[in-house]
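Undergrad: First the structure, which I've put down as structure tokens, then a few questions once you've had a look.
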Amino acid sequence: MSQFKYSEQQLEKAFQARVDAEQKIEPKDWMPEAYRKNLIRQMSQHAHSEVIGMQPEGNWISRAPTLRRKMVLLAKVQDEGGHALYLYSATETLGVTRDELIEALHDGRAKYASIFNYPSLSWADIGAIGWLVDGAAIVNQITLQRTSYGPYARAMVRICKEESFHQRQGYESLMVLANGSPEQKAMAQDALNRWWWPALMMFGPHDGESAHSAQSMKWKIKRKSNDELRQAFIDQTMPQIEFLGLTVPDPEMKWNEQRGSYDHGEIDWDEFQRVINGDGPCNRDRIEHHKKAHAEGAWVRDALRAYESKKRQRLAA
Ligand code: BYC
């Protein structure tokens, strides 16, 4: 039966029933326009985060302390490029082109994770990014494996496997530093001091301030709220900090016996707003670098298109 026989309202009701029944929505299925737009927003911002996230790490590839560390870092940065590829491809199934998505990143309409607007100042920062940034990302992404949009959910399954390796290599690297010389331990502590609060900001504003949460939870695009995920990350990371013999840079952090969870100090939301609105320590550099790399890669994209079109012509003949 054709869908033209149904009203918009009936279609929406059937759509919500499918979402409630945990059925995946696939690219050719009917979906509300606002669902499609919200997914394009979240998925493309996720893809941009993977790409921009390569910059603070790329900064240390040529300065990794050993060949082993260099190989691991190179592999990790390549993985981030791969994650962006799955995510851009999944976003394109919603009827938007990669060029349009990149344009939105370049002109500031699309955001990317706030954390990548902080500089990576020492080698310990590379360990901290793996441990805390990938650690925070996994807590969120594990739940996104159950997101309602099929291509996004499937991309997440693969990404989570790789992120879990990233998190462990970061922790292992910091463990070596934390158990090394006093200078190395101080470097690890300094990295924790600088990355801790930005890592907590990765989960977004408090639930009450979150513009998209209510609708995204109803559509099961998001499966857990910003605050729930942040708390899970803190509870899982605190014992790891203690095991390293480091100190969390939050004097208000305290185990709450009654809740079976940690209480923590307030995040600097003014800083968060500044960073997501383009005024963090590295925002301008990150976008300028991306624009330059994108322009320099134009000939590769042109060559690929020319090759594809020749192949099609040959097939048609
Ligand atoms: N940074 O209504 P809300 C990685 C924005 S990368 C910047 O709560 P939502 C890795 C938000 O976009 C992993 N912006 O939003 C890579 C919205 O603004 P717009 C990245 C943020 O979407 C390389 C406004 O604030 N992971 O693993 O319901 C190396 C209101 O927020 C942030 C993902 O992207 C932020 N932190 O919830 C190493 C996961 N927080 O769009 C590692 C997918 C909020 O209206 N994304 N905003 O202009 C999500 O799960 C959700 O989008 C968020 C935010 C939980 C992040």
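Undergrad: Name the single residue, out of those in segment 271-305 being under 21 Å from the mean Cα position of the chain (by Cα) and acidic (Asp, Glu), that is farthest from the ligand (Cβ to nearest atom). Break it down stepwise before answering.
TA: Quick first cut of segment 271-305, residues under 21 Å from the mean Cα position of the chain (by Cα) only: 271-291, 293-294.
Restricting the remaining residues to those that are acidic (Asp, Glu) gives 271, 279, 285, 288.
On the way: Glu271: 12, Asp279: 13, Asp285: 16, Glu288: 18 Å.
The qualifying residue farthest from the ligand (Cβ to nearest atom) is Glu288.
Undergrad: Now, a different point. Could you check segment 119-154 and list, in sequence order, the residues that are within 23 Å of Gln240 (Cα to Cα) and of a type in the set (Ser, Thr, Tyr)?
TA: Initially, segment 119-154 is screened for residues within 23 Å of Gln240 (Cα to Cα), giving 120-143.
Selection gives Ser120, Ser122, Thr143.
Undergrad: Same structure again: For Lys292, only one of the following conditions fails: (1) in contact with a helix residue (DSSP H, G or I) (Cβ under 9 Å, 6 or more places away or on another chain); (2) more than 30 Å from Leu177 (Cα to Cα). What is its number?
TA: The failed condition is (1).
Undergrad: So, one more: What number of residues in segment 50-68 are touching a helix residue (DSSP H, G or I) at 6+ places or on another chain (Cβ under 8 Å) and either open to solvent by less than 40 Å² (accessible area, probe 1.4 Å) or at pLDDT below 95 (or both)?
TA: The total comes to 11.
Undergrad: On the given criteria, is Met71 surrounded by fewer than 21 Cβ atoms within 10 Å (Cβ to Cβ) and over 18 Å from Cys160 (Cβ atoms)? First the steps, then the outcome.
TA: Details: surrounded by fewer than 21 Cβ atoms within 10 Å (Cβ to Cβ): yes; over 18 Å from Cys160 (Cβ atoms): yes.
It is true that Met71 is surrounded by fewer than 21 Cβ atoms within 10 Å (Cβ to Cβ) and over 18 Å from Cys160 (Cβ atoms).
Undergrad: Considering only segment 153-176, state which residues are in contact with a Leu (Cβ under 9 Å, 6 or more places away or on another chain) and without any contact (Cβ under 8 Å) to a residue 60 or more places away in the chain.
TA: Met156, Cys160, Gln167, Gly170
Undergrad: Here is a further query. Within segment 126-148, which residues are within 12 Å of the ligand (Cβ to nearest atom) and of a type in the set (Ser, Thr, Tyr)?
TA: Once the filter is applied, which keeps residues that are within 12 Å of the ligand (Cβ to nearest atom) and of a type in the set (Ser, Thr, Tyr), segment 126-148 yields Thr143, Thr147.
Undergrad: Among Gly135, Gly130, Gly150, which is the only one that is open to solvent by less than 10 Å² (accessible area, probe 1.4 Å), in contact with a strand residue (DSSP E or B) (Cβ under 7 Å, 6 or more places away or on another chain) and touching a residue at least 24 places away in the same chain (Cβ under 8 Å)? First the steps, then the outcome.
TA: Details: Gly135 fails: in contact with a strand residue (DSSP E or B) (Cβ under 7 Å, 6 or more places away or on another chain); Gly130 fails: in contact with a strand residue (DSSP E or B) (Cβ under 7 Å, 6 or more places away or on another chain).
Checking each option against the conditions leaves just Gly150.
Conditions (1) open to solvent by 10 Å² or more (accessible area, probe 1.4 Å); (2) at pLDDT 95 or above; (3) near the ligand (Cβ under 9 Å from one of its atoms), marked per residue:
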{"residue": "Ala110", "(1), (2), (3)": "yes, yes, yes"}
{"residue": "Ala113", "(1), (2), (3)": "yes, yes, yes"}
{"residue": "Ser164", "(1), (2), (3)": "yes, no, no"}
{"residue": "Arg168", "(1), (2), (3)": "yes, yes, no"}
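Undergrad: Look through Val72, Val77, Val51 and report the one residue that is more than 25 Å from Lys291 (Cα to Cα) and part of a helix (DSSP H, G or I).
TA: Values: Val77 fails: more than 25 Å from Lys291 (Cα to Cα); Val51 fails: more than 25 Å from Lys291 (Cα to Cα).
On inspection, the qualifying residue turns out to be Val72.
The values are calculated or read from the model by the stated rules, or taken from the named source; none is laboratory data. Note that the structure is predicted; figures quoted are calculated from it, not measured. Positions of Cβ are backbone-derived with ideal geometry, glycine not excepted, and every protein chain shown enters the neighbour counts. Ligands, DNA and RNA are stripped out before the accessible areas are found, and what is left, the full protein with its side chains, is counted by its heavy atoms. Shrake-Rupley method; radii C 1.70, N 1.55, O 1.52, S 1.80 Å.
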